[in-house]
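One structure is given below, encoded as structure tokens.
Nothing in this text is a laboratory measurement; each read-out follows from the coordinates by a stated rule. Keep in mind that what you see is a predicted model, and the values were worked out from it rather than measured. Quick reminder, even Gly has a Cβ in these numbers, built from the backbone with ideal geometry, and neighbours come from all protein chains shown.
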Amino acid sequence: MRVRFAPSPTGHLHIGNVRTALFNWLLARGHDGTLILRIEDTDAERSTVESETTILEDLKWLGLNWDEGPDSGGPVGPYRQSERLGKYQSRARVLVEQGRAYYCFCTPGQLEAERKDQLANGLPAKYSGRCARIDPEEAKRRVQSGEPAAIRFRTPENREIAFNDLVRGPISFHTDVIGDHVLLRADASPAYNFAVVVDDGLMGVTHVVRGEDHISNTPRQLLIYEALEFTPPQFGHVAMVLGPDHTRLSKRHGATSVDEFREKGYLPEALLNYLALLSWSPGEGQEIVPLAEMAKRFSLSDVGHSASIFDEEKLSWVNRHYLKDAPHDRLAELSAPYLRRAGYITDTLSPQGMAYLIALMPLINVSVDRLDQVSERLKQLFEYSAEAALKPSDIRAEVEADAARRVIDALAAELEHAPRLVDKQLFRGLAERVKQKSGQKGRALFHPIRIALTGAGDGPELDLLVPAMEQGAELDTSSGVRPMMGARERVRGFVEVLSQTIGE
RNA sequence: GUCCCCAUCGUCCAGAGGCCUAGGACGUGGCCCUUUCAAGGCCAAAACACGGGUUCGAAUCCCGUUGGGGACGCCA
């Protein structure tokens, strides 16, 4: 089995294309097959090398590896269409000589006008076939005299072209609705339908898995396979991925390209797992299934026929699962850029700084959907000011009440001679003593403590947060972690500000 | 306009003639847990587009209607 993924380097890697890349990957990996990566850059206007580079990087980031491609090479290269022009040109010429194709001298303007006319008159929009009737000898003379000409395929009349689609079953078209399409443009570059056939044929591709939008290209391509005397591959067309408004997923729906999802803090395995779930199910009611396992279960005949809508909420849910299971050192590594952006860490972390970061991960990995939320979740650690904490009137009112004051005074007193509360037990022990001293319990006990320590009414569990701030306070500046206040300093300042203003 | 594809909860999937009083997941609502938020646990509301056939029996098969999507380019 030989399959391929063939992006054109005209922009970022779109999420819909990732899904077809994934299906090809699953198919190849599940059948001991070969995955080919081919760059379809025949449109010189829109193709860029940067775009090719980022597409390759995105695929690597996703973990969708290929066996033959423009970077790694292979037996049937080159793997960039722009480097295969001779192959298309020679074959197109043969087709002209055989009478299966002909030169077309029509101008773009002419064609455009005809098309509009046909559409307006309720006719199928297809090429009129004007140049098909030009005498081949005359056409040859005109071409030799330098007149620009494209080469068009002579679509056979009155035939039924049928194929058995691997995902949707039998599909057929009548050739009457297929126009004579361009094989080679006037500038001698190949048009899509021709280049694909020449390449897939020459590269020995056995299974073509692509988007539903190519379904009507299939009969044209089948005709070319026939003319070129190649054995056609099997085709499988997977349905589209749409936005919530049922239109093609595009920028106005939000993120659509791989790099945007990476930037938002989605894990590659989560993205792929979610994408596989669109129009396919691993079975047994399972949804979170690792890629390797999916490859074992994947089958094109199980892929759904109808378009699916991209739902970022469900993606988030999948991502959370993978975040939960990810090793803390990897999570710390991945979180670092976000924390850096927030100014919480510097460019270089010392080993101690890194160890601290890793120790912070239990605070975020079960409660965050995406990595771009970590700095917000950790904000209370790095940002604290007693003045700011006491600013909101509701907080102020709560904390000025007698019961709350008793809690805070007890807390301050205990903290003064307590060791750093570097672990859960130490904090609990201290909370217990504050409880006895103040006579408060439950929320009445913990809420004032939380406010005094973080300045906020909610946030991560104090059990985890307090040890984290205490450990952080002991770090020296060479660690690369922004200096933060420990519990004692926070409460001391808090009490000071509180008593300063209370008598006024 | 012509051709092609598609049609189960708001969304993603399960269902390949009787197992369906249509199952799971996301989301939504409620309850529980709890030192708050989140996470987690439990419960609930929520769908076979419509109309004809075929059959003892249809979400499942056939036809039509409607709706959605795609293609019709010297883009891919």
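With both labels modelled 7 Å from their Cα along Cα-to-Cβ, the residue A:138 to residue A:97 distance reads 2.4 nm. The GluC sites (Glu not before Pro) found in region A:208-259 that occupy coil by DSSP, while having at most 12 further C-beta atoms within 10 Å, are A:229.
The magnitude of the dipole of chain A, with charges of +1 and -1 set on the Cβ of Lys/Arg and Asp/Glu and taken from the Cα centre, is near 320 debye. Against chain A, whose longest principal axis is taken from its Cα atoms, helix A:218-228 shows a tilt of about 50°.
Quick one: grab the alpha carbon gyration tensor of chain A, order the square roots of its eigenvalues as a ≥ b ≥ c, and give me rounded if a/c is under 1.5, else prolate or oblate depending on whether a/b is larger than b/c.
Verdict is prolate for chain A.
Computed over neighbours whose Cβ is under 9 Å from that of residue A:291, the net charge equals -1, Lys and Arg +1, Asp and Glu -1.
Can you tell me which of A:191-197, A:241-247 comes out highest on packing, and rank the rest after it, using the mean Cβ neighbours within 10 Å?
On the way: A:191-197: 22.9, A:241-247: 14.0.
Result, highest mean Cβ count within 10 Å first: A:191-197, A:241-247.
When chain A is described by a simple charge dipole with +1 on each Lys and Arg Cβ and -1 on each Asp and Glu Cβ, the residue from A:484, A:494, A:215 located farthest towards its positive end is A:215. Would you tally the net charge around residue A:42, using a Cβ to Cβ cut-off of less than 14 Å, leaving residue A:42 out, and scoring K and R as +1, D and E as -1? That sum, taken over residues with Cβ under 14 Å, equals -2. Express in whole angstrom the spacing between the alpha-carbon centres of region A:45-97 and region A:162-177. Rounded to whole Å, the Cα centres lie 28 Å apart.
Taking 22 Å as the cut-off for C-alpha to C-alpha distance, list the pairs among A:264/A:391; A:60/A:264; A:314/A:379; A:391/A:424; A:264/A:324 that go past it. Don't skip to the end; give the middle numbers.
Values: A:264/A:391 32 Å; A:60/A:264 18 Å; A:314/A:379 26 Å; A:391/A:424 29 Å; A:264/A:324 17 Å.
The pairs that break the limit, which is 22 Å between Cα atoms, are A:264/A:391; A:314/A:379; A:391/A:424.
Could you tell me which of rounded, prolate or oblate describes region A:67-225, using a ≥ b ≥ c as the square roots of the eigenvalues of the alpha-carbon gyration tensor, with rounded for a/c under 1.5 and, failing that, prolate when a/b is larger than b/c and oblate otherwise? Here region A:67-225 falls in the oblate category. Taking amide H positions as modeled 1.01 Å from N, with prolines and chain starts lacking one, the residues under 5 Å from residue A:191 and 5 or more places away or on another chain are A:184, A:185. Remark: the Cα gyration tensor places region A:1-151 in the prolate category, a/c being 1.5 or greater and a/b exceeding b/c.
Dipole check for region A:186-311: with +1 at the C-beta of Lys and Arg, -1 at the C-beta of Asp and Glu, and the Cα centre as origin, the magnitude is about 160 Debye.
For region A:319-416, with only Lys/Arg (+1) and Asp/Glu (-1) charged at the beta-carbon, what is the dipole magnitude about the Cα centre, in debye rounded to 20?
Approximately 380 debye in magnitude.
For the pair region A:349-424 and region A:440-487, the centres of their Cα atoms are 2 angstrom apart. Each of A:367, A:338, A:354 was placed along the dipole of region A:325-370 (beta-carbon charges, centred on the mean Cα), and the one lying farthest toward the positive end is A:338. Each label point was placed 7 Å from the Cα along the Cα-to-Cβ direction; for residue A:301 and residue A:234 their separation is 0.9 nm.
A straight line joining the Cα centroids of region A:203-234 and region A:132-150 runs 29 Å. Extension gain, residue A:317-residue A:172: 0.36 nm per intervening residue step, less the Cα-Cα distance, totals 48.2 nm.
Along the charge dipole of region A:1-123, Cβ charges K/R +1 and D/E -1, which of A:53, A:22, A:63 sits furthest on the positive end? My answer, from the dipole projection, is A:22. Relative to the longest principal axis of the Cα atoms of chain A, the long axis of helix A:443-454 lies at roughly 70 degrees.
Shown for chain A: cysteine residues without a partner Cβ closer than 4.7 Å, namely A:106.
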